[in-house]
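One structure is given here, and the rest of the page talks about it.
Read the figures in this text as sums done on the coordinates, not as results from a lab. Please read these numbers as outputs of a predicted model, since none were measured by experiment. With ideal geometry, Cβ positions are generated from the backbone for all residues, glycine too; neighbour counts draw on all protein chains shown.
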Amino acid sequence: MSTNLEQQARALIRTDNFIDGQWVGAASGQRFAVTDPATGKLIAEVSDSGRVDARAAADAAAVALPAWRATLPGVRAAILRRWHALIMEQSDALAALISLEQGKPLAEAHGEVAYGASYVAWFADEATRIYGDIIPQQHSRKRMTAIKEPIGVVAAITPWNFPLAMIARKIAPALAAGCTVVAKPAEDTPLTAIALVMLAHQAGVPNGVLNLISASRQSTVEAVGEWLDDSRVRKITFTGSTPVGKYLARESANSLKKASLELGGNAPFIVFEDADLDAAVKGLLAAKFRNGGQTCVSPNRVYVQRSVYERFSKELGAKVAELRVGPASDPASQIGPMINVRAVEKISRHVEDAVANGALVLTGAKCLPDLGPHYYAPTVLTNATSEMLLCNEETFGPVVPLFAFDTEQEAIQAANDTPFGLASYFYSQDVRRIDRVSRALETGIVGINEGALASEAAPFGGVKDSGYGREGSKYGLDDYLSIKYMCQGELD
Ligand code: SIN
């Protein structure tokens, strides 16, 4: 990364909480360190918030709610459009900031800025399309209508793997719907989220409508606990792990908050013998190695029909061995560092377990300490089996395990044999099989001869232990709205 670009990124850094339109430190005065995953070096120290700060944020959001929900949809849309324009104006600096705190190569970080901004533009338009219904008349003197209203104060809790896109796709629909927001970004990557909120303020989001606090791993339970206990917070939206999602669902049950939970994936990727194998290799590379495998929709289990297994593994292994690993600051890097030491430990544990149980290493399978403590080589393993850890848990790293199968039925059964159900992928050129398999896969998202699924116009979300609720698309607004039925009587 050039010095100039790093300076632009640093110019966007704010380290305080943003509550009621003001920058304020945590009430305790405590701060925690945000570090560069490529080098371990300190980038900034941000507020370590607890209950008092979370309550102040919720107070501001509750006070701001009546005026914001009464704002004309066109006014909300105009503010969102200005926010979108400011994000795009700052695209270079935001991308550099994402790379700095998350480690994503710069080209990918640019992609994330455009991706996150696309949700803001999308929901700016959707703000003006919140229709209700006049229900066809059932009684002679009654008129029945249904309207959609903002659900209220929304708590948004976001992950580190897409520090900009995940918070944008929660805040934008909430604001479009007329909700106010309290947000807490992941402790590893709060700086991009804070910068995004600053730009929203510059775009004209009124004081109190959007509030953000940062908290360390240790303080998060307390800070988020405050929102879970607060009955004024009517909705919780979370992207992250399944255990945390289940905890949030349980703990918010007392005040019956609406929840959107986008949780773990363990995605299957099936290659049938009638597939275009080159396209399948290309699609797998795109889906698997985006953000170094650190995505919820990353293929975690790759099932290849036995008749094409060898050819496919060879082609894939050769391409994966060519991937360039390095810091985001090097424009040639395709895979950056993993987010932290815990992530590298999990990847190593999965690979070691697989090898101990009979997997063969085609490429990779090692840490890269010369680059830094958070780097792991892109890896392809053959002879993977269902007993291995990497079949049953998300690895969240650059590891492709290849499983062989014989029949379509066997592949579908193996693909669905998991508690998770976010995304699945398959490659085939047989139209009947495409229809059968896409209906049989138990996931919220299916990629058919396609590895790049993300779009602001599409409903993103899972089934089973991958959660519920949808983000993006025309459906994404419903999660922030409640339906009011009105029955007017005594009509002539
Ligand atoms: C995620 O990893 O949670 C989101 C990925 C995406 O939006 O494609």
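With one equal scatterer per alpha carbon and no solvent term, the Debye-computed log10 I(q)/I(0) for the range 136-214 at 0.22, 0.25 1/Å reads -0.96, -1.18. Rounded to the nearest 20, the size of the Cβ-charge dipole of the range 1-129 about its Cα centre is 340 debye, with Lys and Arg at +1 and Asp and Glu at -1. Dipole orientation for the chain: of the candidates 73, 356, 304, 73 has the Cα lying most toward the positive pole (charges on Cβ; Lys, Arg +1; Asp, Glu -1). Legend: calculated FRET efficiency, residue 392 to residue 78, from the Cβ-Cβ distance at R0 = 45 Å, rounded to 0.05, equals 0.40.
Under the simplified labelling scheme, the residue 436-residue 360 pair shows an inter-label distance of 3.0 nm, with each label point 7 Å from Cα along Cα→Cβ. Taking amide hydrogens as placed 1.01 Å from N in the peptide plane, the amide H of residue 183 sits under 5 Å from those of 156, 211, 212, 213, each at least 5 positions away in sequence or on another chain.
Rounded to the nearest 10 degrees, the angle from helix 306-321 to the longest Cα principal axis of the chain is 80 degrees. Structural size metrics of the range 197-241, computed from C-alpha coordinates, are Rg and Dmax of 12.8, 33 Å. Scattering from the range 241-307 was approximated by placing one identical point on each alpha carbon and applying the Debye formula without solvent; log10 I(q)/I(0) at 0.14, 0.25 1/Å stands at -0.57, -1.04. Which of rounded, prolate or oblate describes the chain when judged by the alpha-carbon gyration tensor and an a/c cut-off of 1.5? Here the chain falls in the oblate category.
Couplings for the range 236-242, taken from phi via the Karplus curve 6.51 cos²θ - 1.76 cosθ + 1.60 with θ = phi - 60°, read 10, 10, 9, 10, x, 7, 5 Hz in order; Gly and Pro are left as x.
Between the range 426-452 and the range 119-174, the C-alpha centres lie 30 angstrom from each other.
Greater than 30 Å separation of Cα atoms is the criterion. Which listed pairs, 142/257; 246/474; 104/257; 366/464; 346/474; 282/346, meet it? In this structure, 142/257; 104/257; 366/464; 346/474 exceed 30 Å between Cα atoms. Full extension of the chain segment joining residue 4 with residue 429 gains 148.2 nm, where the gain is 0.36 nm per residue of separation less the Cα-Cα distance. Counting 0.36 nm for each residue step from residue 322 to residue 143 and taking away their Cα separation leaves a gain of 57.8 nm.
Have a look at 445, 419, 395 and report the one farthest towards the positive end of the charge dipole of the range 383-492, computed about the Cα centre with Cβ charges (Lys/Arg +1, Asp/Glu -1). Of 445, 419, 395, it is 445.
Applying 1/(1 + (r/R0)^6) with r as the Cβ-Cβ distance of residue 207 and residue 370 and R0 = 45 angstrom yields a FRET efficiency of 0.35.
Hey, how much of the P(r) for the range 82-140 falls beyond 13 Å, as a percent of Cα pairs? Cα-Cα pairs of the range 82-140 separated by over 13 Å account for 67 percent.
For the range 326-412, the alpha-carbon radius of gyration amounts to 1.19 times the rule-of-thumb value 2.2 N^0.38 Å expected for a compact globular protein.
What does the charge add up to near residue 77, with Lys and Arg as +1, Asp and Glu as -1, over the other residues with Cβ less than 14 Å from its Cβ? Numbers along the way, then the final one.
Details: positive: 76, 81, 82, 129; negative: 125, 126.
Combined, the nearby Lys, Arg, Asp and Glu give +2.
Using the Stokes-Einstein relation with a Kirkwood hydrodynamic radius computed over Cα pairs, the translational diffusion coefficient of the range 311-353 at 25 °C and a viscosity of 0.890 mPa s comes to 201 µm²/s.
By definition, a body whose alpha carbon gyration tensor gives a ≥ b ≥ c is prolate when a/c is 1.5 or more and a/b is larger than b/c, and the range 195-307 fits this prolate description.
Taking the Cα centre of the range 227-308 as origin, work out the dipole magnitude from +1 charges on Lys and Arg Cβ and -1 charges on Asp and Glu Cβ, in debye rounded to 20.
Details: 12 positive and 8 negative charges, 84 e Å.
Dipole magnitude for the range 227-308 comes out near 400 debye.
Backbone amide hydrogens, once placed in the peptide plane, bring residue 405 within less than 5 Å of 304, 305, 306, excluding anything fewer than 5 places away on its chain.
Please work out the ratio of the alpha-carbon Rg of the range 101-170 to 2.2 N^0.38 Å and round it to two decimals. Don't jump to the answer; show the numbers that get you there.
Numbers: Rg = 19.5 Å, N = 70, 2.2 N^0.38 = 11.1 Å.
In units of the globular-protein estimate, the range 101-170 measures up at 1.77.
Computed from backbone phi with θ = phi - 60° and the Karplus coefficients 6.51, -1.76 and 1.60, the 3J(HN,Hα) list for the range 89-102 is 4, 9, 3, 5, 5, 5, 4, 5, 5, 4, 4, 5, 8, 10 Hz; x is used for glycine and proline.
Considering all projection directions equally, how large on average is the shadow of the alpha-carbon convex hull of the range 1-116, in square nanometres?
Details: hull surface 34.4 nm².
That works out to 8.6 nm², a quarter of the Cα hull's surface.
Given an 8 Å cut-off on Cα distances and at least 6 residues of separation, report the relative contact order of the chain as a percent. Present the calculation step by step, with values, prior to reporting the outcome.
Values: 1147 pairs, mean separation 90.2, N = 492.
Relative contact order for the chain comes out at 18 percent.
Pairs of alpha carbons in the range 1-54 separated by more than 15 Å make up 57% of all such pairs. Under 1.5 on a/c is rounded, so check that first for the range 359-482, then, if it is not, pick prolate when a/b is larger than b/c and oblate when it is not; a ≥ b ≥ c are the square roots of the alpha carbon gyration tensor eigenvalues. Oblate, since a/c reaches 1.5 and b/c is not below a/b. Placing a label point 7 Å from the Cα of residue 63 along the Cα-to-Cβ direction, the residues of the range 1-37 with a backbone N closer than 12 Å are 19-22.
Note on the range 104-249: Cα convex hull, mean projected area over all directions, 11.5 nm². One Cα centroid belongs to the range 403-422, the other to the range 252-317; the line between them spans 12 Å. What's the extension gain from residue 246 to residue 349 if we count 0.36 nm per residue and subtract their Cα-Cα distance? That works out to 34.6 nm of additional length. Peptide packing: for 455-462, 220-227, the average count of neighbouring Cβ atoms within 10 Å per residue gives the ranking 220-227, 455-462, highest mean first.
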